[in-house]
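Each reported figure results from applying straightforward, stated rules to the coordinates on display, with no laboratory input. None of these values were measured; they are calculated from a predicted model. Here the Cβ positions follow ideal geometry from the backbone for every residue, glycine too, while neighbour counts run over all protein chains shown.
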Amino acid sequence: MKFIVTKSYEEMSRKGADLIGAQVLVKPNCLLGLATGSTPIGLYAELVRRNQEGSLDFSKVRSVNLDEYCGLSPESDQSYHYFMNYHLFSKVNIPFENTRVPNGLAEDLAQEGLAYDAYIAQQGGIDLQLLGIGHNGHIGFNEPDDVFTAATHCVDLTESTITANARLFASIDEVPTKAITMGMRSIMAAKKILLVANGLGKQEIVKQAFFGPVTPKCPASLLQLHPDVTVITDFDVE
Ligand code: PGA
């Protein structure tokens, strides 16, 4: 586990972009696992800047996203499809057909989960997975539970996640209550993991996840067992 403590959101975003840029440089056709949420927006803006100035080429990069709300179409501006198009895909030279986000409109979500994991395996596995962390320790939408769920699956979102995400919707009643998310095995199988967290509100959960017990009550704690994790924060973790 490597911790990089930065002084600001901007520095966290630049350092995160450095790691993703290095991954793309050493393997131009790498499979990136991507995340949504407020945290990686600055990192994506930095990748866009580097791509547009010509120092970072996405023409061979492939990507899979962690999760998507159930019941929102890709065109809905609250969907994670839309988020990725807006913040990254439409602004860099990644071929659109190389990108994949779970289909939250699939009639058979269990089948969509199986197909998603099969796609990742068929693509050779994720080279670098980018993660944020929820205030409750979730990664992707793997919510605190009695057990870890291995495969990509449909979840009921917890009250705390619904409340946290309500800021992005007109009202809390519009926040979907279900999502489809890569599971813990899908995430842990990534060759490298980069977790970014900013703001003192995340300090306690980051400490708990990386220095507390490994437990499904804090899904991110499983990352303690991964051999190649980098955590970048803008707050002290000791
Ligand atoms: P945030 O979400 O970046 O919007 O805080 C992180 C997460 O819930 O994984």
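Here are the numbers for this structure:
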quantity	calculated
Mean separation of Cα contacts under 8 Å (6+ apart) over length of the range 69-110, as relative contact order %	43 percent
Mean Kyte hydropathy of 0.0 or more with a Cα span along the axis of at least 20 Å, helices from DSSP in the chain	9-26
Potential extension, LEU25-ALA170 segment - 0.36 nm per residue separation minus Cα distance	48.2 nm
Per-residue Cβ neighbour rank within 10 angstrom, fewest leading, HIS81, HIS226	HIS226, HIS81
Prolate/oblate/rounded call for the range 168-238, Cα gyration tensor, a/c under 1.5 rounded	oblate
Cut-off 17 Å, label 7 Å out along Cα→Cβ of VAL214, residues of the range 145-187 by amide N	145-151, 184-187
Relative contact order, percent, the chain [alpha-carbon distance under 8 Å, six or more residues apart]	26 percent
Above-threshold pairs, the threshold being 22 Å between Cα atoms, out of LYS91/LYS202; LYS27/LYS191; LYS15/LYS207	LYS91/LYS202
Cα shape, the range 1-73, gyration tensor, a/c 1.5 rule	oblate
Global geometry of the range 48-130, whether rounded, prolate or oblate, following the gyration tensor of its Cα atoms and the 1.5 cut on a/c	oblate
Mean separation of Cα contacts under 8 Å (6+ apart) over length of the range 36-84, as relative contact order %	28 percent
Evaluated at q = 0.18 Å⁻¹: base-10 log I(q)/I(0), Debye formula over Cα of the range 1-154	-1.21
Restricting the range 1-95 to GluC sites (Glu not before Pro) in coil, as DSSP defines it, with at most 14 other Cβ within 10 Å	GLU53, GLU75
Selection of trypsin sites (Lys or Arg not before Pro), the range 145-238, meeting DSSP coil and at most 11 other Cβ within 10 Å	none
Whole-Hz couplings from phi, Karplus 6.51/-1.76/1.60, listed for the range 149-155; x for Gly and Pro	9, 6, 9, 4, 7, 8, 10
Percent antiparallel among DSSP beta bridges (both partners in the chain, rounded to 5)	30 percent
Residues with amide H under 5 Å from that of LEU56, placed H, sequence gap 5 or more	ASN51
